[in-house]
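The values are calculated or read from the model by the stated rules, or taken from the named source; none is laboratory data. This is a predicted model, so every value here is computed, not measured. Heads up, the Cβs are rebuilt from the backbone with ideal geometry, glycines too, and the neighbour counts pull from every protein chain shown. Calculation scope for accessible area: heavy atoms of the full protein, side chains included, ligands and nucleic acids excluded. Shrake-Rupley method; radii C 1.70, N 1.55, O 1.52, S 1.80 Å.
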Amino acid sequence: SSLAFFEPSFPSIVGEGPNGAVIHYRAAKDTARGIKAGSMLLVDSGGQYECGTTDCTRVYHFGGDAAQPTPFQKEVYTRVLKGHIAVDQSVWPENTPGHVLDAYARRPLWEGGLNYLHGTGHGVGAALNVHEGPQSISPRFTNQTPLKEGMICSNEPGYYEDGQFGVRIENLLIVQPAETKHQFNDGKYLKFERLTHTPIQTKLIDLDLLSESEVAWINTYHQEVWEKISPRLTDEPVALDWLFDHTQPIEKPRPDDDDASAGVGPAAGEDVNGKPIEAATSAA
């Protein structure tokens, strides 16, 4: 095909409710669960393509407005997302090993007395192994391999409430040079560039836990997703409408705003993706 897809890069991990709390869950007849209103579903999947290997995890809460996640589910999801954003935005001097960045992902969880028992990121091969070193982002400080330009790592903080649900948000990132205002000791600095463009469900976000800059990151990311993916879906109107709905901008509610819908709202006349509101209404 034009996408040059070869095969899945690993068996998909699809866990509803308590199965999502099993980090490497594999579906089986005796443990399978149905998806219903109120379900939390963790989906971790990837493929081998001619251009490289993918690995992406998202969590979805089902049931629309009629079924809302619990405050604890929203808190956990948002803390995981805050850690994901912190890693994505990090800048570091060359020759820095990946374990230095691990605490960026965990800090929002630690601040709530929470944690997860796996690494934050693993190296990824190019149409080879989806887990491929030597680089990683994890608490294993014995791995002193520095993150170098061109390396690809996953960014996948998570949280798992045993017997209830699991949360993991995963993108792949490539290490790139960073432009900094200063260059201490003429040193080189590095940053990440996102390779994964898949909507992050905003229904599960507790906006009160996000800073304005984190809200801006989410909106910028979703605009990138729309711009990169929507041209590929012109012949798939159902998928295009889904993508449009899930890349809408969010905003923190104002303290004096009693509107129950505060927190989601495109600009007047045009949404963040540049799609006129009239067109969006007719397409929905």
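Which residues, taken from the range 12-67, are touching a helix residue (DSSP H, G or I) at 6+ places or on another chain (Cβ under 8 Å), part of a strand (DSSP E or B) and farther than 22 Å from residue 243 by Cα?
Result: 15, single match.
With the checklist (1) at pLDDT 95 or above; (2) of a type in the set (Lys, Arg); (3) under 26 Å from residue 46 (Cβ atoms) in hand, flag the one item residue 140 doesn't pass.
Among (1) at pLDDT 95 or above; (2) of a type in the set (Lys, Arg); (3) under 26 Å from residue 46 (Cβ atoms), residue 140 violates only (1).
I need the full set of residues from the range 1-34 which are open to solvent by 40 Å² or more (accessible area, probe 1.4 Å), within 18 Å of the chain's Cα centre (by Cα) and more than 17 Å from residue 172 (Cα to Cα), in order please.
14, 23, 24
Could you tell me whether any residue of the range 186-206 is under 28 Å from residue 64 (Cβ atoms), open to solvent by 100 Å² or more (accessible area, probe 1.4 Å), in a helix (DSSP H, G or I) and free of Cβ contacts under 8 Å to residues at least 40 places away in the same chain?
No, every residue in the range 186-206 fails to be under 28 Å from residue 64 (Cβ atoms), open to solvent by 100 Å² or more (accessible area, probe 1.4 Å), in a helix (DSSP H, G or I) and free of Cβ contacts under 8 Å to residues at least 40 places away in the same chain.
Within the range 35-46, restricting attention to residues that are open to solvent by 50 Å² or more (accessible area, probe 1.4 Å) and of a type outside the set (Lys, Arg), which residue is nearest to residue 7 (Cα to Cα)?
Applying the filter and picking the extreme gives 35.
Anything in the range 66-100 that is out of contact with any Phe, Trp or Tyr (no Cβ under 9 Å at 6 or more places or on another chain) and open to solvent by 30 Å² or more (accessible area, probe 1.4 Å)? List them, or say none.
Matches in the range 66-100: 66, 68, 70, 71, 72, 74, 75, 82, 95.
Is there a residue in the range 124-131 that is out of contact with any Phe, Trp or Tyr (no Cβ under 9 Å at 6 or more places or on another chain), part of a helix (DSSP H, G or I) and small (Gly, Ala, Ser)?
Within the range 124-131 (the criterion being out of contact with any Phe, Trp or Tyr (no Cβ under 9 Å at 6 or more places or on another chain), part of a helix (DSSP H, G or I) and small (Gly, Ala, Ser)), the answer is no, since none of the residues qualifies.
Restricting attention to the range 104-123, and to residues there that are among the charged types (D, E, K, R) and open to solvent by 70 Å² or more (accessible area, probe 1.4 Å), which single residue is nearest to residue 87 (Cα to Cα)?
Applying the filter and picking the extreme gives 107.
Would you say residue 209 is open to solvent by 30 Å² or more (accessible area, probe 1.4 Å), at pLDDT 95 or above and under 17 Å from residue 85 (Cα atoms)?
yes
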